[in-house]
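In what follows, a single structure is set out as structure tokens and then discussed.
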Amino acid sequence: MQIESVPPHRHLPPLLKLVLEMGPLVLFFLGNAYAERFGVSPDQKLFVATGLFVAATVVALAIHYALVRRLPIMPLVSGVVVVVFGGLTLLLQDKTFIMVKPTIVNTLFGVVLLGGLAFGKSLLSVVLDSMFALTEEGWRKLTFRWGLFFLALAVLNEVVWRTQTEDFWVNFKVFGIMPLTVVFALAQTPLLTRYERKDAEA
């Protein structure tokens with residue numbers, strides 16, 4: 001009997017992966033920033049930006065799947081929420097839905113990660129196992145930190161959209177959340193080094 005080997009997962013080139021992840025967000029920003037130049041009234045430009053965001057998100061996910069035949073869980077969940085809440089924003093003409101989208105996504109990620117820890121599961125290891133080789137303790141600590149970080153982002157988004165202007169919130173979403181996430185990720189380097197599995201070094 002011949003046993004067929006399981007083909008390894010295909011991965012996108014880093015630059016293309018970055019374009020697919022950031023492209024919809026960039027279009028969201030550009031749509032909000034330049035819609036008025038095309039005759040869109042100030043109170044309608046966020047709807048234009050939302051439409052671009054939803055369409056670009058669907059296209060990005062489709063391209064990703066077409067190239068590697070699978071979708072990472074976190075971009076997939078985020079994309080579904082974008083489509084649902086962006087669709088509600090356009091259908092009901094209510095900007096609140098797109099503004100609370102980061103709150104919903106980050107709360108969901110935070111609760112799932114911390115909830116998994118409560119049941120003895122470091123769920124982040126399922127998502128990032130192909131990227132890092134950590135001990136169980138390392139995965140627990142990394143999962144705990146990211147869980148708290150996601151909840152902090154959810155709270156921060158609530159504060160910003162409820163107290164600031166639409167333009168400020170859009171800028172925060174594009175130029176605030178992503179840099180904060182990158183800085184936080186880089187700050188985990190000592191933990192990744194300390195809890196790297198010894199067998200991974202061999």
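Label the stretch 145-184 by shape, choosing from rounded, prolate and oblate, from the square roots a ≥ b ≥ c of the eigenvalues of the Cα gyration tensor; if a/c is under 1.5 it is rounded, and otherwise prolate applies when a/b is larger than b/c, oblate when it is not. Let's see the in-between values first.
Details: a/c = 4.16, a/b = 1.53, b/c = 2.72.
Taking the square roots of the gyration eigenvalues as a ≥ b ≥ c, the stretch 145-184 is oblate.
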Using the 2.2 N^0.38 Å rule of thumb for compact globular proteins, work out how the stretch 95-202 stacks up: its C-alpha Rg over that value, please. 1.22
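When you count, for each residue, the other Cβ atoms within 10 Å and take the mean per peptide, how do 187-194, 69-76, 94-101 rank with the highest first?
Details: 187-194: 11.8, 69-76: 13.5, 94-101: 18.8.
With the highest mean Cβ count within 10 Å placed first, the list reads 94-101, 69-76, 187-194.
Which value, to two decimals, describes the C-alpha radius of gyration of the stretch 10-92 once divided by 2.2 N^0.38 Å? Can you show the working numbers first?
On the way: Rg = 13.9 Å, N = 83, 2.2 N^0.38 = 11.8 Å.
The reported ratio for this selection is 1.18.
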I'd like to compare 106-113, 47-54: which one has the highest average count of other Cβ atoms within 10 Å, and what's the full order after that? 47-54, 106-113
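Could you give me D for the stretch 120-163, from Stokes-Einstein at 4 °C and 1.567 mPa s, where the hydrodynamic radius is the Kirkwood radius over C-alpha pairs? Units µm² s⁻¹, please. The partial results should precede the final answer.
Working: Rh = 11.7 Å.
Reported coefficient: 111 µm²/s.
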Charge tally for neighbours of Gln44 with beta carbon under 12 Å away, counting Lys, Arg as +1 and Asp, Glu as -1, is -1
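Rg to Rh for the chain: what is it, with Cα atoms only and Rh by Kirkwood? Before the final figure, lay out each step's value.
On the way: Rg = 19.1 Å, Rh = 18.7 Å.
Using Cα coordinates only, the ratio equals 1.02.
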Using alpha carbons only, how many angstrom separate the centre of the stretch 142-202 from the centre of the stretch 65-130? 14
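Taking the Cβ of Val100 as the center, what net charge do the other residues with Cβ under 14 Å away carry, scoring Lys and Arg +1 and Asp and Glu -1?
Numbers: positive: Lys95, Lys101, Arg162, Lys173; negative: Asp94, Glu158, Glu166.
Local net charge: +1.
Read-outs throughout are calculated quantities, based only on the coordinates presented, and are distinct from any laboratory measurement. Quick caveat, the model's predicted, so the values are computed rather than measured. Here Cβ is always computed from backbone atoms with ideal geometry, including for glycine, and neighbour counts include all displayed protein chains.
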